[in-house]
Structures are given as C-alpha cells and as structure tokens.
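The values are calculated or read from the model by the stated rules, or taken from the named source; none is laboratory data. Bear in mind the structure is a predicted one, so any value in this text is a computation, not a measurement. Cβ atoms come from the backbone with ideal geometry, glycine included; neighbour counts cover every protein chain shown.
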C-alpha cells in the first residue's frame, strides 16, 4: 500500500502518520519486523523516520506463502468483487467458511487459498453459517483486516439478507428486538430472551413476496451480529425459516433458506462499496419460479 505524503503531513514521523490513518499498533509491530515492511522513497525505514511532502511511503502487507489446499477449479460466480485489499465472495450454501473438526479441505477458506493471486491468509470479515449462502467479505492483508474489523465492530457495515418463512409475517414490516442467549444444555442452539437478558439483537424486516400457499420471502436488515440472530428472532415469533431443522423450519429445502443478499461498507481506501448477490436458484424454486 502506498501514499504520497501531503504538505500538511510534512515533518511527521512515519509512526504518527500511520496512526492518524488508524493503522494499529499490532500492525506497526508486524511491519517493523518484516524485511522492507516500511519504505520511504524505496528505502527501508523505521517508524521514527521523518516524512517530507511529496515522499512516497510504502507498506508491505504480504504474508508468507503456503501451498493451496484445493485445485483452482472454482465456481464461476464465486468472486463478486476484488482488488488489492479485499475479496467479496458468493459463499455457496452447505460450505463451511472455516476449517473445523470434520471439515478439512472442503471449506470456503480452502477454496479461496487455492485461487490464483489469492490472499495467503484467509481473513473473513463477516461470518455466515454453513447452510447460509451469499455475500462474504475477505480482507487480503492486515491493514484491510484492521480497517474492516473496526467498521464491523462500530456497526458501519450494512448487511441485507433474504429469507423464506413458512407463512406471512404480521405486521408485514417492522423491527425485531430481543436478547439472544445460548440455550441451556446446548452448545449450538440459541434462544430469544426478554429485553435486558442475553446479548441485545435488533433486526429491521420487510415482506417482499407472499405465495398463494403462504410461503413468504422476507428482506432482513440486521443491526447487530449475534450468532443465529435472524434464525432465532424469526422462529421465536412463529416464522421459522424454511429448511432450518435446528429451529423448527419445514423440510422444504435441504438447508435453511437464508441468503446474504448485499453488503455495503467503506473500503480501506475510503470509498463506499456495495456488493450484491442474486437469490440462489434453490431458494427461488421454492416458489416454482426461476427468479423473483
């Protein structure tokens, strides 16, 4: 990553200039220990170096390569957006995001690390359950990861989901507010709690389409990011997501009918990015249509 030093930063140290750009202390330590991690006009420098207007300051965020886990025969619609700092992906339903017990070599992480020109370290910014499809944001380097993690923590990354529920929601639009807590005796299931109990969860919603038989497509805008938030909030109100066997959804689909449709965020370079992903065919076919 490169910057041309502006006149107002003339005389600043590298450390002060980068901290003003919200580069974390942890990232600065990483760059200090990396060969040519920080260069000024092409020459390696420390964070104590003094900058002059017009200087070119460069940071090297590249990680140490490791062999890919999978061949690069990737789904044609996997990558929605990419540049030197980020990847925005269309996660397939049924694919875990990260390796875990019983899932080695078959995850989105493995798939991405096998791509030509892929990041060496997989840094997912948002998370999606295994059965959920759609937009997933990956940082290519430490700087982007730090920036986007702060955006996420401060609620500035806006998310939009689509879900199919078993019957029309009443009222057709509104806001769901709950506490979310782990169900007693379970390490997986969550339950909705009264306000003030558990972790606060808030989601705006609106009805998009209701089929003749009652199946309803709902658009969801989560304001918080609790585990299973959308699934729990809908099920607790009597509107379980179709295919969600963990929370009582009808077995119409082989996975929960939940799709991350859009993600809007501030890019590490400062501009706004919105990535969108069409409703997958397995969900649209629930309504006996190819698309909605």
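Please go through the range 146-176 and give me each residue that is within 11 Å of the chain's Cα centre (by Cα), crowded, with 19+ Cβ neighbours inside 10 Å and assigned to a helix (DSSP H, G or I), ordered by number. If the condition is that a residue be within 11 Å of the chain's Cα centre (by Cα), crowded, with 19+ Cβ neighbours inside 10 Å and assigned to a helix (DSSP H, G or I), then 148 is the only one that fits.
Listed here are the residues, each with its yes/no results for (1) more than 26 Å from residue 135 (Cβ to Cβ); (2) modelled with pLDDT of 80 or more; (3) surrounded by fewer than 16 Cβ atoms within 10 Å (Cβ to Cβ).
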{"site": "22", "(1), (2), (3)": "no, no, yes"}
{"site": "29", "(1), (2), (3)": "yes, no, yes"}
{"site": "32", "(1), (2), (3)": "yes, no, yes"}
{"site": "59", "(1), (2), (3)": "yes, yes, no"}
{"site": "63", "(1), (2), (3)": "no, no, yes"}
{"site": "67", "(1), (2), (3)": "yes, no, yes"}
{"site": "73", "(1), (2), (3)": "no, no, yes"}
{"site": "90", "(1), (2), (3)": "no, yes, no"}
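One residue stands out among those in the range 47-58 that are part of a loop (DSSP other than H, G, I, E, B) and touching a strand residue (DSSP E or B) at 6+ places or on another chain (Cβ under 7 Å): the one that is farthest from residue 145 (Cα to Cα), which is 54.
Among the residues of the range 108-130, which ones are part of a loop (DSSP other than H, G, I, E, B) and modelled with pLDDT of 80 or more? Result: 122, 125, 126, 127, 128, 129, 130. Checked against (1) closer than 30 Å to residue 18 by Cα; (2) assigned to a strand (DSSP E or B), residue 204 passes all but a single condition, namely (1).
Out of 133, 236, which single residue is surrounded by 19 or more Cβ atoms within 10 Å (Cβ to Cβ), closer than 23 Å to residue 286 by Cβ and touching a strand residue (DSSP E or B) at 6+ places or on another chain (Cβ under 7 Å)? Being surrounded by 19 or more Cβ atoms within 10 Å (Cβ to Cβ), closer than 23 Å to residue 286 by Cβ and touching a strand residue (DSSP E or B) at 6+ places or on another chain (Cβ under 7 Å) holds for just one of 133, 236, which is 133.
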